[in-house]
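The values are calculated or read from the model by the stated rules, or taken from the named source; none is laboratory data. Everything numeric here is computed off the predicted structure, so don't read it as measured data. Glycine gets a Cβ as well: all are built from the backbone with ideal geometry, and neighbour counts include every protein chain shown.
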Amino acid sequence: MRRGDLYRVYKPGGHDPKQYRTFVVVSRQALIDSKFPTVVCAPVFSKGQGLSTQVPVNTSEGLKHASWIMCDNLSSVRKADLTHYIGSLSRTKAGELNRAIKMALDLF
């Protein structure tokens with residue numbers, strides 16, 4: 001598992017109406033490699049508003065259709081639930097994701 005990997009998660013929490021949700025791993029690699037049971041992820045939604053905290057992604061990342069990574073909705077996901085690998089972000093998309101997370105957390 002690496003930062004920028006996309007996974008489809010079955011029943012991703014009690015409030016999500018979807019049976020499956022795609023997430024992008026955003027934790028630092030040291031945490032991902034540790035024995036800590038969870039990592040921080042950003043959910044992927046099929047619709048976005050083009051905000052600075054949203055990153056557009058598409059089939060080149062392994063998705064079925066154009067979607068948006070939502071950095072305002074970061075969540076902790078159990079590593080054990082990240083089993084259905086979809087793809088990885090390109091270096092360019094990873095840079096966009098980093099900027100969107102900084103914007104979401106007001107780190108500029």
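Observations on the structure shown:
- Of all residues in segment 41-70, those being crowded, with 18+ Cβ neighbours inside 10 Å and modelled with pLDDT of 95 or more number 12.
- A search for C-beta distances below 7 Å between a residue of segment 20-36 that is without any contact (Cβ under 8 Å) to a residue 60 or more places away in the chain and any residue that is assigned to a helix (DSSP H, G or I), counting only pairs 6+ apart in sequence or on different chains, returns V25/I32.
- Pairs with Cβ under 6 Å, 6+ apart, first in segment 41-56 and without any contact (Cβ under 8 Å) to a residue 24 or more places away in the chain and more than 13 Å from L97 (Cβ to Cβ), second assigned to a strand (DSSP E or B) and hydrophobic (A, V, I, L, M, F, W, C): G48/W68
- Criterion violated by R21 - all others in (1) at pLDDT below 95; (2) surrounded by fewer than 12 Cβ atoms within 10 Å (Cβ to Cβ); (3) not acidic (D, E) satisfied: (2)
- Test: residue in segment 12-29 that is over 18 Å from R99 (Cα atoms) and of a type in the set (A, V, I, L, M, F, W, C): no
- Within segment 79-108, the set of residues being closer than 15 Å to V9 by Cα and either without any contact (Cβ under 8 Å) to a residue 40 or more places away in the chain or loosely packed, with under 12 Cβ neighbours inside 10 Å (or both) comprises A80, T83.
- Scan of segment 56-89 for residues that are β-branched (V, I, T) and under 26 Å from L105 (Cα atoms), ordered by number: V57, I69, V77
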